[in-house]
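First the structure, in the form of structure tokens, and then the observations on it.
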Amino acid sequence: MYGFEAMTFNIHGGYLEAIVRGHRAGLLTAADYNNLCQCETLDDIKMHLSATEYGPYLQNEPSPLHTTTIVEKCTLKLVDEYKHMLCQATEPLSTFLEYITYGHMIDNVVLIVTGTLHERDVQELLEKCHPLGMFDSIATLAVAQNMRELYRLVLVDTPLAPYFSECITSEDLDDMNIEIMRNTLYNAYLEDFYKFCQKLGGATAEIMSDLLAFEADRRAVNITINSIGTELTRDDRRKLYSNFGLLYPYGHEELAVCEDIDQVRAVMEKYPPYQSIFSKLSYGESQMLDKAFYEEEVKRLCLAFEQQFHYGVFFAYMRLREQEIRNLMWISECVAQNQKSRVHDSVVFIF
Amino acid sequence: MGDRGGGCCPPMDLFRSEAMQLVQLIIPMESAHLTVSYLGDLGLIQFKDLNSDKSPFQRTYAAQIKRCGEMARKLRFFKEQMLKAGFSPSAKSLGETNIGFDDLEVKLGELEAELVEMNANGDKLQRGYNELLEYKLVLQKAGEFFTSAQRSATAQQREMESQQMGDQTLETPLLHEQETTTDLSKQVKLGFITGLVPREKSMAFERILFRATRGNVFLKQVPAEEPITDPVSGEKMEKNVFVVFYSGERAKNKILKICEAFGANRYPFAEDLGKQALMITEVSGRISELKTTIDAGLLQRDNLLRTIGDQFEQWNLKVKTEKSIYHTLNMLSLDVTKKCLVAEGWSPVFATKQIQEALQRAAFDSNSQVGAIFQVLHTRESPPTYFRTNKFTSAFQEIVDAYGVAKYQEANPGVYTIVTFPFLFAVMFGDWGHGICLLLATLYFIVREKKLSSQKLGDITEMTFGGRYVIMMMSLFSIYTGLVYNEFFSVPFELFGRSAYACRDLSCRDATTVGLIKVRDTYPFGVDPAWHGSRSELPFLNSLKMKMSILLGVAQMNLGIILSYFNAIFFRNSLNVWFQFIPQMIFLNSLFGYLSFLIIVKWCTGSQADLYHILIYMFLSPTDELGENQLFPGQKITQQVLLLLALVSVPWMLLPKPFLLKRQHENRHQGQSYAPLESTDETLLSVANNDSHGHDHEEFEFSEVFVHQLIHTIEFVLGAVSNTASYLRLWALSLAHSELSVVFYEKVLLLAWGYNNIIILIVGIIVFIFATVGVLLIMETLSAFLHALRLHWVEFQNKFYEGDGYKFYPFSFALLDDEDD
């Protein structure tokens, strides 16, 4: 019921919305980042983080810290919060929350499949998986030899199964195939998520369609840039674009025929929201594009909190936390490797 | 302002907060630690953070704090291990040598390493042990399975053989035999894997096996009866023993991978029966062997933990104090020469001597060549508020502080709250039966005070325990008011002699008091029991309680205004006396003070005058004749004068003060613009000292001051009416309380009594008790408490209380314990 969410939203969603807004207040601020960037050692980072919400998760770590430990513990906190919210959630919020994790699930599937292709140890791979994207039989993925098997053996039990219907081939798995599979899956996932949000209606649909459209457009740009100079045909490329977003459909047509980064730029500059992103970059440069996109995303995610009575805040919170963990990882790596001059290259301030 | 108290009143500890001073300590580096530690023992100085612009890890003692954090982590590790092993760290600290910080660190490190190694060994052994247990289980279960399968297989084979024997005629080609033998050899090549899989995963396991091999496996599962400890995770879980038969190498690889993925532990298994028996005995032998080793290891570990546990508390305290010392040291700024630390902080004036002694002791004990320098700084910054409370007064002070911490040295309403709070509560909660119940409950807390204060209580119990003295006072006062109201669970008693009234005839008792005649002297104390239950009880009590509420309210509000006078005198603010205190007194008393006077006159003379009428027509038509409402001669002219005074006092409050303030400011400003030429070194110095604390003379915005004064005046004038009306809640709640207890008494207890049935009576008594405890004793206490709180915070304190101070938090080791948990 559009416009009347306020009347009934709090019956089921009020508590969790309050929780998630409380969590949001715990996100690190620019002042925190400034302090973190001045740290000399990882212990300094731990000391600083102990004053934040990460404190309890880091306080029992013995002193020679590693970047991985910090990231692991910070992720653990996010996972704990997510699980708590999922436990409390009722339909359709619980489904919505589950949708948030599918992206990680796809990444994990791809990680394991690629890993086994290169003969890595499964346990080692499992440790690298994002804990939000874990499912029961994930380790069994290593058994599969081709996509059909992959689907038939393991994924049929997971929520990802419907997305697979589009990319089942009997071809053996190789790097190229896997990458295409990842993108097809992600594409199907985004479209499904988009449809689900539209079905929910109201402010959720409004805000999530904006956020997901941005995500889809970013993917389209990334796919285009990454596939320049590969043997991916134009038609194949177009198939990987999602069927929604600001670029759909005309932008996709143009992106599909792009041959170098400047052409992509020319296409994107026709769209006002992306103009500002590309105007920051010099010609021929694509290194800083990721950061520019992340900054734009963070801005949009923060805006999601400005409105009440919708599920977008959950999505936004999870994404912001993930960005924060990426920031922490980058800072920790820079500190650990004594590259402090590069600290600001990839850190996206959230507030 | 402020070092010397106003000479108007005798020193009262609680009435004004302690005189504070900003002190500066210059401490030589070498004795800094000891000095701070002594000051922490003393606990009478609040350090200012002089390094607030530095982040925590850039400060001088960041490394030490990190070490403390590390030690605290080790201690937490020990605690966790002790809890796991089922010890609790003993509270008794064994009297032994005071261990140094560095030694402690080394010792903790050693102990941790030892414990970790022991744990690792223990874990390894435990893991082996669990594996063997699982293996044994597999051997047993799979053995059972194999024997049963073999039995059926042999039976089948025999059948087959007998068939074959029958078939085996001369025509049988030789080739056929060959085929059967090859068949047999193929069967032998059928491989199998045995192992254990967690039960909740067993279904998925089976499904995946089936899918992966396209059904070309045979899986047999047997549930293990009791939960087994998993060797890898060390958790107890339910498991199934399984045997998978497969054919071919590829299938084997797949199955192995799947087993791995499902965390299914595989164990070798011999087909041969003899070998099986051998293995079982061997495994059992090793199990018992391992068991003794593990037990020995555990014993050793327990001993270690016990020794740790004996000193745990002491170490914990040591680490905590060290950490707090370094935190404090981090707040001090480093001198330019880096040879001494400069501390600034607030301390009560009375503590000067103690602090100096502590400094001397520290300098002496640390063999430092120079002692610490103690000097008092002059500042215009507002000092923190510090009341020296004891366990009785602290709860009342908390009630005031919950509204706002008193401004430095302003009149503290806490002093009066000690009496007025329980009294106003009791006015609403007047029943000496309920009062006694409350008193008994709170006496329990007070008697067991020592024991209860040392242990952790629940949330609500904690709160009740904290307020035990408040509740005690409340219950004592409600016993008193209960006696005045003559109520004991709503039953009147003739405690102070017989009722003054008797019936004129037999039928008068229930109806009205009109049928009563006075036969004795007036009932000496409180309400005459004869009123109870009569039809005119309510009108009588309502009138009594309503008037009483107004009297109490006017008295308390007057007290509030008088306190504002004390504040004005204390802070030498004559403006507030002449243009705030005096018109406020006049306004309140000419209206509601006069009403109170009328009430008392009416009580004394027994007149029938209508007070509402008098008060309302005093405004509406002050010139009219009073007629029958005349209470005393000259009433009309008095009323006219009072009304005039009230009307005059409003502009008196509103207008002069802002203009006078403006003139004051202008005078000062003028003086200032010429002053700098004559300024001496001293003032320059003080300016230099204070430049960080902002300028004392702020911009004077006349319109702002005027609007502020306007709001104040309106608030007071309207407040005088609404606050007086607000005190009527005393009557309303008291009425509600007595009516509720009447309902419970008559409609439950007496009704149940009337049935003459023992069961109904018991049920009635139970319901009565629960209703009394739940509704009257708990909920009514809470509501009366809240209303009393409101009357203090709003009606009383808004007359004088600023409440914009901040609390004094001394650096003290005694407060450390509460902080952490």
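What follows is calculated from the coordinates using simple rules that are stated; it is not laboratory data. Being a predicted model, the structure only gives us computed values, none of them experimental. Quick reminder, even Gly has a Cβ in these numbers, built from the backbone with ideal geometry, and neighbours come from all protein chains shown.
Values for this structure:
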{"quantity": "Two-site FRET efficiency, B:Asn573 against B:Val707, from Cβ-Cβ distance with R₀ of 25 Å, rounded to 0.05", "calculated": "0.80"}
{"quantity": "Overall Cα dimensions of the stretch B:514-659, principal axis frame, Å, largest first", "calculated": "65, 38, 22"}
{"quantity": "FRET efficiency for B:Leu538 and B:Thr461, using Cβ-Cβ distance with R0 set to 30 Å, rounded to 0.05", "calculated": "0.20"}
{"quantity": "Fewest-first ranking of B:Phe47, B:Phe525, B:Phe566, using other Cβ atoms within 10 Å as the exposure measure", "calculated": "B:Phe525, B:Phe566, B:Phe47"}
{"quantity": "In nm, spacing of pseudo-spin labels at B:Gln24 and B:Lys747 (7 Å Cα→C-beta vector)", "calculated": "7.3 nm"}
{"quantity": "Ascending count of other beta-carbon atoms within 10 Å, so fewest first, for A:Asp235, A:Asp136", "calculated": "A:Asp235, A:Asp136"}
{"quantity": "Length-normalised contact order of chain A in % [C-alpha pairs under 8 Å, at least 6 apart]", "calculated": "22 percent"}
{"quantity": "Cα→Cβ-extended label distance, 7 Å offset, between A:His66 and A:Gln307, nm", "calculated": "4.4 nm"}
{"quantity": "Net length gained if the chain between B:Leu190 and B:Lys338 were fully extended (0.36 nm per residue, minus Cα distance)", "calculated": "45.0 nm"}
{"quantity": "Cα coordinate range in chain A, projected on the principal axes (Å, largest first)", "calculated": "53, 52, 47"}
{"quantity": "Full-extension gain in nm, A:Gln38 to A:His84, via 0.36 nm per residue minus C-alpha separation", "calculated": "13.2 nm"}
{"quantity": "Sites A:His12 and A:Leu246, calculated FRET efficiency, Cβ-Cβ separation with R0 30 Å, nearest 0.05", "calculated": "0.40"}
{"quantity": "Residue mean of other protein chain beta carbons inside 10 Å, A:135-141", "calculated": "5"}
{"quantity": "Pairs of alpha carbons in the stretch B:204-267 whose separation is greater than 18 Å (percent)", "calculated": "37 percent"}
{"quantity": "Taking the stretch B:338-432 and dividing mean pair separation by its residue count, relative contact order in percent (alpha carbons under 8 Å, at least six apart)", "calculated": "19 percent"}
{"quantity": "Hydrodynamic radius of the protein assembly as shown per Kirkwood, over alpha carbon pairs, in Å", "calculated": "39.5 Å"}
{"quantity": "Alpha carbon convex hull of the stretch A:204-351, projected area averaged over orientations, nm²", "calculated": "9.9 nm²"}
{"quantity": "The stretch A:209-263 and the stretch B:285-330: distance between their alpha carbon centers, rounded to Å", "calculated": "60 Å"}
{"quantity": "Packing-based exposure ordering (other Cβ within 10 Å, fewest first) of B:Ser812, B:Ser347, B:Ser148", "calculated": "B:Ser148, B:Ser812, B:Ser347"}
{"quantity": "P(r) of chain B over all Cα-Cα pairs, binned every 20 Å from zero, in whole percent", "calculated": "10, 25, 24, 21, 13, 5, 2, 0"}
{"quantity": "Spin-label pair B:Asp53/A:Glu53, simplified geometry with 7 Å Cα→Cβ offset, distance in nm", "calculated": "3.2 nm"}
{"quantity": "Angle between chain B longest axis and helix B:199-212 axis [Cα atoms, degrees, rounded to 10]", "calculated": "50 degrees"}
{"quantity": "D (Stokes-Einstein, µm²/s), Kirkwood Cα radius, the stretch A:49-201, 1.002 mPa s at 20 °C", "calculated": "125 µm²/s"}
{"quantity": "Where N is the number of residues in the stretch B:310-365, Cα Rg divided by 2.2 N^0.38 Å", "calculated": "1.45"}
{"quantity": "Peptide ranges B:418-429, A:111-122 listed from the most packed, as the mean C-beta count within 10 angstrom indicates", "calculated": "B:418-429, A:111-122"}
{"quantity": "Chain B, relative contact order [Cα under 8 Å, separation at least 6], %", "calculated": "21 percent"}
{"quantity": "Computed over the stretch B:715-757, the ratio Rg/Rh where both radii use C-alpha atoms and Rh is Kirkwood", "calculated": "1.45"}
{"quantity": "More than 18 angstrom apart: percent of Cα pairs within the stretch A:43-123", "calculated": "60 percent"}
{"quantity": "Taking N as its residue count, the alpha carbon Rg of the stretch B:326-472 over 2.2 N^0.38 Å", "calculated": "1.53"}
